[in-house]
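Here is the structure we will look at, set down as C-alpha cells.
The values are calculated or read from the model by the stated rules, or taken from the named source; none is laboratory data. Keep in mind the model is a prediction, meaning the values are calculated, not measured. Using ideal geometry, Cβ is built from the backbone for each residue, glycine included, and neighbour counts are taken over all protein chains shown.
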Number of protein chains: 2
Amino acid sequence: MNKQIILHSRPQGLPDATTWRVVDNEIPECSEGQILVKLIYVSIDPAMRGWIRDQRSYLPPVALDDVMRAITAGVVIESKHEKFKVGDYVVGSGGVQQYIATSGKGWYPVQTDLAPLPLFLSALGMTGFTAYFGLLEVGKPQPGETILVSGAAGAVGSMVGQIGKIKECRVVGIAGGEKKCRYIVEDLGFDAAIDYKNEDVRKSIKEHCPDGVDVFFDNVGGEILDAALTRINRKARIVVCGGISQYNSDEMRGPKNYYSILMNRARMEGFIVFDFAHQYETAARQLALWLSQGKIRSKEHIVEGIENFYQTFLRLFSGEKLGKLILKVNQD
Amino acid sequence: MNKQIILHSRPQGLPDATTWRVVDNEIPECSEGQILVKLIYVSIDPAMRGWIRDQRSYLPPVALDDVMRAITAGVVIESKHEKFKVGDYVVGSGGVQQYIATSGKGWYPVQTDLAPLPLFLSALGMTGFTAYFGLLEVGKPQPGETILVSGAAGAVGSMVGQIGKIKECRVVGIAGGEKKCRYIVEDLGFDAAIDYKNEDVRKSIKEHCPDGVDVFFDNVGGEILDAALTRINRKARIVVCGGISQYNSDEMRGPKNYYSILMNRARMEGFIVFDFAHQYETAARQLALWLSQGKIRSKEHIVEGIENFYQTFLRLFSGEKLGKLILKVNQD
C-alpha cells in the first residue's frame with residue numbers, strides 16, 4: 001500500500017491534527033514513459049506552510065484532498081522511461097507519500113557513492129542551493145564584510161554561515177537557545193552567536209557586528225528583521241529568504257524599520273531557489289567539494305514514519321530540531 | 001539684516017508654530033576665500049522633516065538654534081573666492097535665510113540664460129536629479145514596462161512619470177484629488193491616474209496596471225506601499241525615495257506585504273540623491289535638453305516671504321500645492 005499525507009483543511013495559525021490526514025491507497029501503476037519511485041526521505045521545510053495557504057504565490061497552493069507537496073529522495077523501482085533505470089536514486093517533488101509514479105519531469109538522479117541519500121535533501125539539495133544562491137547571487141558578500149544570519153542553526157542558515165566563512169566574511173548567527181548558539185560557533189565556525197531567546201537582539205548585534213551589517217540573510221522576519229535593519233551599513237543587502245516567525249499569522253507584519261533601507265541606500269531582495277534550476281549542477285559540484293574538504297558540515301535530523309509528518313512539521317516552528325529536518329517514509 | 005529661520009524645538013508629529021522661529025541677524029561678513037550669497041529661492045522638501053529628527057541618518061540632524069537646512073538658489077553679491085564672481089547665480093545648501101557667507105564647498109553656478117532660476121531647484125536641480133537617478137539607476141525601467149509612481153503630482157513624482165514616458169513605459173500615477181489626477185494625465189502625459197482620496201487604490205492599480213507593476217517609485221510609504229506590493233511583477237523594483245505619509249509618525253509603519261518581495265523575487269532599494277553628485281552634470285544636461293524639447297514640464301509653486309516658511313512647509317503634508325514648492329526669500 002501507499003500511505004499518503006493528504007491536505008484536509010487550511011489551518012488558521014499553526015497547523016493542527018485536522019490539517020492533514022493519513023490515507024492508504026494502492027501503489028500507483030507505472031505507465032509508459034513513467035518511473036515508479038519508492039520515496040525514502042521527505043524534506044520538511046518552512047515553505048510548506050506557504051504552500052497550503054490559499055493565495056497567489058510562486059507555486060499554486062496545494063488543493064484540499066491532494067497529497068501534500070514535498071521535495072523527496074527515493075529509488076526507482078520500475079522504469080518505463082529511457083532516462084532512468086531501476087535502482088537509480090532520484091530527487092524530485094514527490095509529495096509526502098511512500099510511492100509516486102511520475103513522468104520524471106523535474107526529477108534528477110543523485111550519486112549515493114558521493115554522499116548518503118539524505119544529504120541530497122540538505123547540503124547537496126534544495127537547502128544547500130538556497131543558501132548558495134541566496135547568499136552568493138543575492139547577498140553578494142565581499143571578503144571582510146559582516147554577514148548576519150537569522151535562523152542560523154536551521155538547515156539553510158547553517159549553510160549560509162559556513163559559506164560566508166569560506167568567502168572570508170565575519171559571520172554572526174541568530175538562533176534560539178544556548179545549545180544552538182554553541183553549535184553554530186563551536187561546530188560550524190561562526191564568529192559569534194546571538195541567542196534571541198535570552199538576549200536583547202539589537203544590543204547583541206551591535207556588540208557582535210562592530211562594523212555594522214553588510215549582508216543580512218533573513219529566514220525569520222518579524223522583530224529580528226526589525227532589529228537587524230537598525231544596524232545595516234550603507235549599501236547593505238537584505239536577503240529575504242524566509243519569514244518563519246510570520247508564517248502562522250493571518251497577516252504578515254512588515255519590517256518597522258524599513259526606512260533604514262533608504263537611509264542606508266540598502267537593497268532588500270527576495271528570491272526563490274527554483275529560479276536557479278539551470279545552475280543547480282554548478283552549486284552541487286561546489287557544495288560537494290566543500291563537504292569533502294571538510295569546509296562545510298551538514299546535520300540532518302531524521303524522524304522515522306510517515307504518520308509522524310504533522311508532529312515533525314511542527315518542530316520547524318517550535319525549534320525542536322537542529323539542522324535539516326527530514327522524514328523517513330520507507331526503508332532503503 | 002539677514003532674516004533666518006532657526007530650529008527652536010523638535011516636533012512630535014506635525015511641526016507647528018513653535019518648531020521654528022524667525023530671527024534677525026547681521027548680514028555675515030565675506031571672509032577671505034568665501035562668497036557672500038543673497039539667497040533668493042529656498043527649496044521646500046519633505047526630507048526637511050527627517051533633517052530635524054534627532055536620529056542617525058545620512059546627514060546629521062539640524063541642531064537646535066541652528067539655521068534650518070535647505071537647498072537654495074541665489075546670487076553672489078561679494079566674492080573673495082577665485083572660482084565665483086559677483087553676479088554669478090549659484091545653488092547650494094544655504095539654509096532658510098536671506099544671506100550666507102560660504103566657502104563655496106558644494107555650491108555650483110547655474111546658467112540662468114538656459115532657464116529661470118527657480119528651475120534649478122526643481123527640474124534642473126535636486127528634484128530632477130532625484131527623479132532621474134532614482135528611476136533610471138535604481139528602478140532601471142525597460143521599454144514596455146509599467147511604472148507606478150506615488151506622490152505623482154509632487155515635485156519628484158511628476159518628473160519620474162515624465163521620464164518614464166520618455167523611456168517608453170506605461171506610467172500610472174497615484175495622487176490626491178481630482179485636480180492633481182487630471183494634471184498628471186492631461187498636462188504631463190501619464191497614462192492613468194489613481195486618486196487615493198476617492199478610490200480603492202488596490203483595485204485601481206489592478207485596473208490601470210493590467211500587466212502588473214514592474215517599477216514602483218514610492219514617495220509616500222504606508223498604505224499605498226502596502227497596496228502597490230500586492231500588484232508587483234516578478235523581478236519588480238521598488239524604489240524607496242520617500243515615505244511622506246509616515247514622516248510625522250513617531251514610528252514608521254512597515255510595509256505589511258513586504259513578503260511579496262520574496263514571492264516575486266523583487267528588489268526594494270533606497271537611495272540618496274547626494275550619492276550621485278559626481279553625475280549631476282550629466283543629469284542636468286539631459287534634463288535641460290528634454291525641457292527644451294518640451295518632453296518634460298516643470299511646475300513651481302512659489303510662495304513669497306521667509307516668514308511664511310512654516311506654513312509653506314506644512315503644504316507638503318496637507319497636499320495644498322502642485323509641483324515643486326519653493327519659498328522666495330529675497331527679490332532678484
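Things to note:
- Filtered by the rule that a residue be farther than 14 Å from A:Gln142 by Cβ and either acidic (Asp, Glu) or within 10 Å of chain B (Cβ to nearest Cβ) (or both), region A:224-240 gives A:Leu225, A:Asp226, A:Leu229, A:Thr230, A:Ile238, A:Val239, A:Val240.
- Residue that is surrounded by the most Cβ atoms within 10 Å (Cβ to Cβ), among those in region B:191-210 that are among the small types (Gly, Ala, Ser) and part of a strand (DSSP E or B): B:Ala193
- When the residues of region B:51-65 are filtered to those that are within 13 Å of chain A (Cβ to nearest Cβ), touching a helix residue (DSSP H, G or I) at 6+ places or on another chain (Cβ under 8 Å) and modelled with pLDDT of 90 or more, the one that is nearest to B:Gly242 (Cα to Cα) is B:Leu59.
- Criterion violated by A:Leu114 - all others in (1) modelled with pLDDT of 95 or more; (2) assigned to a loop (DSSP other than H, G, I, E, B) satisfied: (1)
- Flag if B:Ser298 is within 12 Å of chain A (Cβ to nearest Cβ), surrounded by 14 or more Cβ atoms within 10 Å (Cβ to Cβ) and of a type in the set (Ser, Thr, Tyr): no
- Candidates B:Leu225, B:Leu291 - the one that is on the phi < 0 side of the Ramachandran plot and crowded, with 21+ Cβ neighbours inside 10 Å: B:Leu225
- Screening A:Gly50, A:Gly87, A:Gly74 for residues that are without any contact (Cβ under 8 Å) to a residue 40 or more places away in the chain and of a type in the set (Gly, Ala, Ser) leaves exactly one candidate, A:Gly87.
- Test: residue in region B:95-103 that is free of Cβ contacts under 8 Å to residues at least 40 places away in the same chain and either surrounded by fewer than 19 Cβ atoms within 10 Å (Cβ to Cβ) or assigned by TED's automatic domain parsing to the domain that holds B:Gly151 (or both): no
- All positions within region A:194-219 that are away from chain B (no Cβ under 12 Å), out of contact with any Asp or Glu (no Cβ under 8 Å at 6 or more places or on another chain) and in contact (Cβ under 8 Å) with a residue 60 or more places away in the chain: A:Cys209, A:Asp211, A:Val213, A:Phe216, A:Phe217
- Under the condition of being of a type in the set (D, E, K, R) and part of a strand (DSSP E or B), the residues counted in region B:46-104 number 1.
- Matching residues in region B:281-312 - criterion: being within 30 Å of A:Ile232 (Cβ to Cβ) and out of contact with any Gly (no Cβ under 9 Å at 6 or more places or on another chain): B:Thr282
- Per-region count, region A:244-260, residues modelled with pLDDT of 85 or more and under 19 Å from A:Trp51 (Cα atoms): 6
- Which numbered condition B:Gly323 misses (of (1) under 16 Å from B:Ser122 (Cβ atoms); (2) more than 14 Å from every other protein chain (Cβ to nearest Cβ); (3) modelled with pLDDT of 95 or more): (3)
- Criterion violated by B:Arg267 - all others in (1) in the same structural domain as B:Val96 (by TED's automatic domain parsing); (2) at pLDDT 95 or above satisfied: (1)
- Residue in region B:246-282 that is farthest from the other protein chains (Cβ to nearest Cβ), counting only those that are crowded, with 21+ Cβ neighbours inside 10 Å and of a type in the set (Gly, Ala, Ser): B:Ser260
- Condition met for B:Ser43 (among the hydroxyl-bearing types (Ser, Thr, Tyr), more than 23 Å from the chain's Cα centre (by Cα) and surrounded by 12 or more Cβ atoms within 10 Å (Cβ to Cβ)): no
- Among the residues listed as B:Asn219, B:Asn198, B:Asn233, the single one being within 20 Å of B:Pro46 (Cα to Cα) and either touching a Leu at 6+ places or on another chain (Cβ under 7 Å) or of a type in the set (S, T, N, Q) (or both): B:Asn219
Okay, residues lined up against (1) without any contact (Cβ under 8 Å) to a residue 24 or more places away in the chain; (2) assigned to a helix (DSSP H, G or I); (3) surrounded by fewer than 24 Cβ atoms within 10 Å (Cβ to Cβ); (4) of a type in the set (Phe, Trp, Tyr):
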site	(1), (2), (3), (4)
A:Gln142	no, no, yes, no
A:Ala152	no, no, no, no
A:Gly157	no, yes, no, no
A:Gly173	no, no, no, no
A:Arg182	yes, yes, yes, no
A:Val185	yes, yes, yes, no
A:Gly189	no, no, yes, no
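- Selection count where residues are crowded, with 19+ Cβ neighbours inside 10 Å and either over 16 Å from the mean Cα position of the chain (by Cα) or touching a residue at least 40 places away in the same chain (Cβ under 8 Å) (or both), scope region B:304-327: 11
- Pair list, Cβ under 6 Å, 6 or more apart: region A:29-40 residue under 13 Å from A:Gln331 (Cα atoms), other residue aromatic (Phe, Trp, Tyr) and at pLDDT 95 or above: A:Lys38/A:Tyr99
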